[in-house]
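Taking it in order: structure first as structure tokens, then the write-up.
The values are calculated or read from the model by the stated rules, or taken from the named source; none is laboratory data. Just so we're clear, the structure is a prediction, and the values are computed from it rather than from any experiment. In this analysis, Cβ positions are derived from the backbone assuming ideal geometry, glycine residues included, and neighbour counts consider all displayed protein chains. Note: accessible area is taken over every heavy atom of the protein model, side chains too, but ligands, DNA and RNA are not part of it. Shrake-Rupley method; radii C 1.70, N 1.55, O 1.52, S 1.80 Å.
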Amino acid sequence: MEKKKRIVVLGAGESGAGAAVLAQVKGFDVFVSDTSSIKDKYKELLDRYGIAWEEGHHTPELILNADEVIKSPGIPLNAPMIVELRKRNIPVISEIEFAGRYTHARMICITGSNGKTTTTLLTYHILKSAGLKVGLAGNVGKSLALQVATCDYDYYVIELSSFQLDNMYDFKANIAVLLNITPDHLDRYDYKMENYVDAKFRIVRNQTEDDAFIYWNDDPVINEKLSKLTLKSQRYPFAETHEPGTQAYTDHGELTIDTPEETLTMKTDELSLHGRHNLYNSMAAGLSACLLNVKKEAIRKALSDFESVEHRLERVASVRGVQFINDSKATNVNSCWYALESMKTPVVLILGGKDKGNDYTEIEQLVRDKVKALVFLGVDNSKLHAFFEGKVPYITEARSMKEAVDKSYALASPGDTVLLSPCCASFDLFKSYEDRGDQFKACVRAL
């Protein structure tokens with residue numbers, strides 16, 4: 001009897017635990033290792049499938065005997081164990097790559113520096129509302145591998161970060177969506193923008209003439225890269241106004257989505273999501289649905305009744321005339337730019353956290369034009385001070401969310417907006433951007 005192929009999974013979060021279950025179901029010899037502690041719900045899942053695991057450390061002799069390794073997107077390529085595996089020519093792949101081997105479902109894959117969660121949830125909402133058998137996976141929803149192991153879907157809508165794309169090789173997106181590219185996570189890409197751009201463009205890898213590539217027509221970074229690439233897939237660019245070749249655009253308050261099979265029009269004020277960035281998200285989701293031959297009425301209805309994403313420009317409350325908005329999901333500068341761009345009132349802006357090599361010049365003009373006070377909420381705010389000193393009338397610091405909310409409220413006048421749009425990761429003071437947003441909402445509601 002031949003020896004079972006050994007699969008080792010590094011990292012036992014949503015993606016790792018799911019990959020382990022799929023490997024077990026497919027009859028491999030599976031082992032899971034995580035240098036942190038594993039959450040109870042994932043331990044229970046691994047135990048239920050009889051999968052061996054360890055936490056708090058990696059045991060080299062249990063890992064370096066693998067035939068293939070599936071790594072969690074959070075583990076950088078220069079982590080000692082990954083370096084060691086590569087030295088031994090042991091293939092290291094992503095959960096998405098592994099899951100793709102075991103399903104014939106159509107894959108709608110969405111990436112971009114900003115807007116991908118909203119676009120993913122919106123696309124899923126359209127397809128699900130139209131009655132398709134569809135799963136939600138990647139950065140949102142459940143692990144793709146777990147769903148492939150336990151469900152039977154015809155379609156998957158998958159949000160992919162650059163980290164998830166890094167270890168994809170043979171996987172193919174039937175519809176690839178690239179919303180935009182702005183500097184983000186450069187600490188993981190040797191601080192070279194072209195490395196990050198290359199990672200994002202892996203989304204079109206392996207596409208054929210039967211596949212579609214949907215992208216923002218006015219993104220200079222995307223256009224520059226496209227000028228050097230030979231793409232087999234059909235292109236579906238979208239833009240705010242009608243430009244040559246655009247397949248989705250607006251004109252006189254009307255949105256048009258144009259695909260070979262279908263032309264859909266609807267009034268832009270019927271879209272449930274507001275702001276220019278959300279117009280792009282709606283176009284990308286609408287194009288995907290049209291290409292899957294979803295009925296026009298179903299697309300229009302879903303684009304008009306979608307409820308927006310938590311922690312993304314989420315209106316929390318109005319307290320004595322001061323509007324509080326939770327945009328905790330803005331973990332990079334460009335997300336904050338979109339938030340500020342959509343503001344119609346004077347703003348008290350809460351910024352700060354773990355800086356990922358941010359360049360704040362992108363929001364400088366919007367801050368000068370719209371922000372009356374800045375509250376820096378972080379362990380080390382020196383970089384923020386150095387950049388923003390003298391550019392707004394008032395700057396202060398806070399060490400906790402309660403202090404940040406109290407100070408912001410004191411600085412705001414009736415008619416102003418207090419905006420939490422931090423530009424930074426949350427890990428210095430909070431468990432996650434969700435935790436940061438939840439604390440913000442709780443403090444606002446306690447005012």
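Here are the numbers:
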{"item": "Among (1) modelled with pLDDT under 95; (2) farther than 11 Å from Gly352 by Cβ; (3) not basic (Lys, Arg), the one test that Ser382 misses", "result": "(2)"}
{"item": "Unique residue being open to solvent by less than 10 Å² (accessible area, probe 1.4 Å) and outside any helix (DSSP H, G or I) when the list is Ala330, Ala404", "result": "Ala330"}
{"item": "Subset of segment 372-383 (residues that are open to solvent by 10 Å² or more (accessible area, probe 1.4 Å) and either over 13 Å from Ser426 (Cα atoms) or in a strand (DSSP E or B) (or both))", "result": "Lys372, Ser382, Lys383"}
{"item": "Flag for Thr150 being under 24 Å from Ala20 (Cα atoms) and open to solvent by 40 Å² or more (accessible area, probe 1.4 Å)", "result": "yes"}
{"item": "Members of segment 73-103 found to be over 16 Å from Val9 (Cβ atoms) and not in a helix (DSSP H, G or I), listed by number", "result": "Pro76, Leu77, Asn78, Arg88, Asn89, Thr103"}
{"item": "Hey, Leu429 open to solvent by 10 Å² or more (accessible area, probe 1.4 Å) and either at positive phi or of a type outside the set (Lys, Arg) (or both) or not", "result": "yes"}
{"item": "For Thr396: the one exception among (1) crowded, with 18+ Cβ neighbours inside 10 Å; (2) farther than 27 Å from Ser113 by Cα; (3) in contact with a helix residue (DSSP H, G or I) (Cβ under 8 Å, 6 or more places away or on another chain)", "result": "(1)"}
{"item": "Residue in segment 184-205 that is surrounded by 19 or more Cβ atoms within 10 Å (Cβ to Cβ), at pLDDT 90 or above and under 23 Å from Leu279 (Cβ atoms) present", "result": "yes"}
{"item": "Output for segment 412-433, where each listed residue is at pLDDT 95 or above and over 19 Å from Leu384 (Cα atoms)", "result": "Ala412, Ser413, Pro414, Gly415, Asp416, Thr417"}
{"item": "Set Glu270, Glu314: member being open to solvent by 60 Å² or more (accessible area, probe 1.4 Å) and out of contact with any Cys (no Cβ under 6 Å at 6 or more places or on another chain)", "result": "Glu270"}
{"item": "Hits in segment 256-278 (condition: assigned to a helix (DSSP H, G or I) and within 19 Å of Tyr124 (Cβ to Cβ))", "result": "His277, Asn278"}
{"item": "Matching option when the condition is in contact (Cβ under 8 Å) with a residue 12 or more places away in the chain, in contact with a Gly (Cβ under 6 Å, 6 or more places away or on another chain), assigned to a strand (DSSP E or B) and buried (at least 16 other Cβ atoms within 10 Å of the Cβ), among Val9, Val32", "result": "Val9"}
{"item": "Residue match in segment 92-100 (condition: open to solvent by 50 Å² or more (accessible area, probe 1.4 Å), at pLDDT 95 or above and either more than 28 Å from Asn332 (Cβ to Cβ) or acidic (Asp, Glu) (or both))", "result": "no"}
{"item": "Members of segment 287-334 found to be at pLDDT 90 or above and small (Gly, Ala, Ser), listed by number", "result": "Ser288, Ala289, Ala298, Ala302, Ser304, Ala317, Ser318, Gly321, Ser328, Ala330"}
